[in-house]
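Inspection log for the structure reproduced underneath, given as structure tokens.
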Amino acid sequence: MRVAVPLSVRVCATVLVVVASASVVLPYLSHWQAATLDWDHVAVSPSWSAGHVFGTDRLGRDLFVRTLAGVRVSLAIGLLATLVSVVIGVTVGAVAGFLGGRTDALLMRLVDVLYSLPYIFFVILLTVSLGRSPLALLLAIAAVGWLTMARVVRAQTQALRQREFVTAARAIGVSTPAILWRHIVPNVAGPVVVYATLTVPSLILLESFLSFLGLGVQEPAASLGNLMAQGAAEMEAAPWMLLVPGSFLVGIVLVIGILGDALRDWVDPRAR
């Protein structure tokens, strides 16, 4: 029996695909590039006649192109950091939950120790240590983004290891790695996908926060965080420089959050 996909999931997924596609395609179709300086229109408000639909910044760079470039960078870092966090969290959680005993205690104490550290301080420390580049920022965010995922997967795995199909696999001599890959991981995929969807907006906000502070993506590259930092400095004279990237950030986080809630309700109706 096929279960219908809720309308909210389809709408949110469509909006995300459209925004992500626009952030990739439209900057290359625009007359302006992200680093192009238009000295005739410096810090102009949004204007069709001037050819800058979202206005320009203090260097005359087109805010439409730079905002879409920032959306592309922020989405890429958020999604890739979530993917890395999922891989690490599922691996650690599945191994700990399935093996139990000392292995479980050791891995969970590691998670507890990392949880005890100030999250933002730890990410900032890693960012400064690894260098201020998008790749370093991605690794720093992903390095601590897997902790809750590991706990979620561990709890699911502890329930699954007592099931009949796992007992049968053990009885016929299937190896532990094979049981984890063939039986445990597929059965925890639903909760993992839902939690990963709820993780993406928090990691996008974290990336934007670090870039806003100057610890993330650096000029001349654009992210929603450093665009908002520039806009905040010009908020009184040129409010569009803050409102445009800020609106995109709020919209993206809101849509992904709604998508995560809708997926959770779809996967587990008891969570409603």
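Split the chain at each of the chymotrypsin sites (Phe, Trp or Tyr not before Pro) in a DSSP loop with at most 12 other beta carbon atoms within 10 Å, and the longest piece is 49-272.
Remark: relative contact order (the range 1-127) = 16 percent; criterion is Cα-Cα distance under 8 angstrom and separation of 6 or more residues. Applying a DSSP loop filter and a limit of 11 other Cβ atoms within 10 Å to the trypsin sites (Lys or Arg not before Pro) in the range 1-106 leaves 2.
Taken as Cα centroids, the range 26-50 and the range 119-142 sit 32 Å apart, rounded to the nearest whole angstrom. Scanning the chain for DSSP H helices at least 15 Å long along the axis (C-alpha atoms) with a Kyte-Doolittle mean no lower than 0.0 picks out 7-29, 63-99, 101-116, 119-130, 134-145, 147-160, 185-212, 240-267. About the centre of its Cα atoms, the chain shows a dipole size close to 1280 debye [charges on the beta carbon of Lys, Arg (+1) and Asp, Glu (-1) only; nearest 20 debye].
Across the alpha-carbon set of the range 136-228, the Rg to Rh ratio works out to 1.21, Rh being the Kirkwood radius.
Once C-alpha pairs closer than 8 Å and six or more residues apart are averaged by separation and normalised to the residue number of the chain, the relative contact order reads 23 percent.
A dipole drawn for the range 37-182 from +1 and -1 charges on Cβ atoms has a positive end, and of 147, 44, 107 the residue lying farthest that way is 107. Taking the number of Cβ atoms within 10 Å of each Cβ as an exposure proxy, the fewest-first ranking of 21, 45 is 21, 45. Binning every alpha carbon pair distance of the range 190-272 at 10 Å from zero, what are the percents per bin? It works out to 19, 38, 24, 15, 4, 0, in whole percents. Principal axis extents of the Cα atoms in the range 1-128, from largest to smallest and rounded to whole angstrom, are 69, 51, 20. Checking every one of the trypsin sites (Lys or Arg not before Pro) in the range 108-168 against DSSP loop status and a limit of 13 other Cβ atoms within 10 Å picks out 163. Legend: Rg and Dmax of the chain, from Cα coordinates, 22.1, 77 Å.
With neighbour counts taken as other beta-carbon atoms within 10 Å, the residues 242, 59 rank, fewest first, as 59, 242.
Coordinate-derived values only; no laboratory data. Source: prediction; values computed, not measured. Counting neighbours? That spans all protein chains shown, and the Cβs are built from the backbone with ideal geometry, glycine included.
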